[in-house]
Ligand SMILES: CC(C)(COP(=O)(O)OP(=O)(O)OC[C@H]1O[C@@H](n2cnc3c(N)ncnc32)[C@H](O)[C@@H]1OP(=O)(O)O)[C@@H](O)C(=O)NCCC(=O)NCCS
């Protein structure tokens with residue numbers, strides 16, 4: 001199976017709506033059920049400044065997405081960026097999230113000169129926490145009863161990854 005990563009485009013709106021129609025994708029993110037294709041078309045066609053959105057494709061079909069939110073207009077936060085991601089329910093656990101995160105980390109480290117990546121994750125989202133730890137994210141704290149999810153409040157971990165020092169070539 002070959003997973004290809006590319007920049008997201010407005011034409012991916014239907015695929016985004018499909019990703020966020022999945023109960024597991026909604027459970028793990030801050031999205032509201034019943035996503036609108038039109039909302040995604042607008043978001044993708046007119047992205048916020050400093051937003052880099054990527055999709056993962058298998059056989060030409062979009063099966064996951066990741067957004068890197070940089071801070072171009074906040075001079076003292078230019079080294080930091082936030083990450084949000086989701087893989088379509090039927091594609092989870094097959095390496096798509098790993099491929100997306102690898103692309104994001106490479107872009108951040110090697111091209112955007114970002115030294116701190118940040119994200120928030122529900123404390124009971126084991127696959128996501130495992131993925132993030134694999135890429136060097138650490139838990140920095142817990143926000144208690146931070147979000148409302150499926151009828152009850154949920155705690156979230158604040159996680160961050162500091163860019164590791166570059167290996168010097170011999
Ligand atoms: C979290 C998410 C992005 C991970 O993407 P993915 O494609 O499923 O992840 P991968 O297949 O690359 O696997 C990543 C790691 O999680 C582990 N994993 C996968 N499913 C798991 C599960 N049910 N329980 C525990 N670990 C699991 C994998 O083993 C892998 O670790 P490894 O490489 O050490 O074996 C995806 O599951 C998802 O979109 N979930 C719903 C939305 C969400 O939670 N988004 C994150 C918001 S913070």
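The values are calculated or read from the model by the stated rules, or taken from the named source; none is laboratory data. A quick note: this is a predicted structure, and the numbers were derived from the prediction, not measured. Here Cβ is always computed from backbone atoms with ideal geometry, including for glycine, and neighbour counts include all displayed protein chains.
Restricting attention to helices (runs of 4 or more DSSP H) lying wholly within the stretch 1-66, give those where 1 or more residues are within 19 Å of residue 101 (Cα to Cα) and touching a helix residue (DSSP H, G or I) at 6+ places or on another chain (Cβ under 7 Å).
Ranges flagged: 13-19, 23-28.
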Exactly one of (1) within 12 Å of the ligand (Cβ to nearest atom); (2) within 18 Å of the chain's Cα centre (by Cα); (3) farther than 22 Å from residue 5 by Cβ is unmet by residue 92. Its number?
(3)
Considering the stretch 100-128, residues that are near the ligand (Cβ under 10 Å from one of its atoms) and part of a helix (DSSP H, G or I), and then whichever is surrounded by the most Cβ atoms within 10 Å (Cβ to Cβ), we arrive at 100
Exception for residue 24 within (1) touching a residue at least 24 places away in the same chain (Cβ under 8 Å); (2) surrounded by fewer than 20 Cβ atoms within 10 Å (Cβ to Cβ); (3) within 12 Å of the chain's Cα centre (by Cα) falls at (3)
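Considering 139, 83, which residue is at pLDDT 95 or above, part of a strand (DSSP E or B) and crowded, with 19+ Cβ neighbours inside 10 Å?
Result: 83 is the single residue among 139, 83 that is at pLDDT 95 or above, part of a strand (DSSP E or B) and crowded, with 19+ Cβ neighbours inside 10 Å.
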Filter result (out of contact with any strand residue (DSSP E or B) (no Cβ under 7 Å at 6 or more places or on another chain) and either over 19 Å from residue 28 (Cβ atoms) or within 6 Å of the ligand (Cβ to nearest atom) (or both)) within the stretch 73-89
73, 74, 75, 76, 77, 78
Filtered residue count, the stretch 137-170, keeping only those that are out of contact with any strand residue (DSSP E or B) (no Cβ under 9 Å at 6 or more places or on another chain) and within 17 Å of residue 114 (Cβ to Cβ)
3
Does residue 97 qualify as being under 27 Å from residue 147 (Cβ atoms), touching a strand residue (DSSP E or B) at 6+ places or on another chain (Cβ under 6 Å), part of a helix (DSSP H, G or I) and near the ligand (Cβ under 7 Å from one of its atoms)?
yes
Is the stretch 29-36 home to any residue that is within 13 Å of the ligand (Cβ to nearest atom) and in contact with a strand residue (DSSP E or B) (Cβ under 6 Å, 6 or more places away or on another chain)?
yes
Taking the conditions exactly as written (in a helix (DSSP H, G or I), under 30 Å from residue 60 (Cα atoms), without any contact (Cβ under 8 Å) to a residue 60 or more places away in the chain and under 15 Å from the mean Cα position of the chain (by Cα)), does residue 131 satisfy them or not?
yes
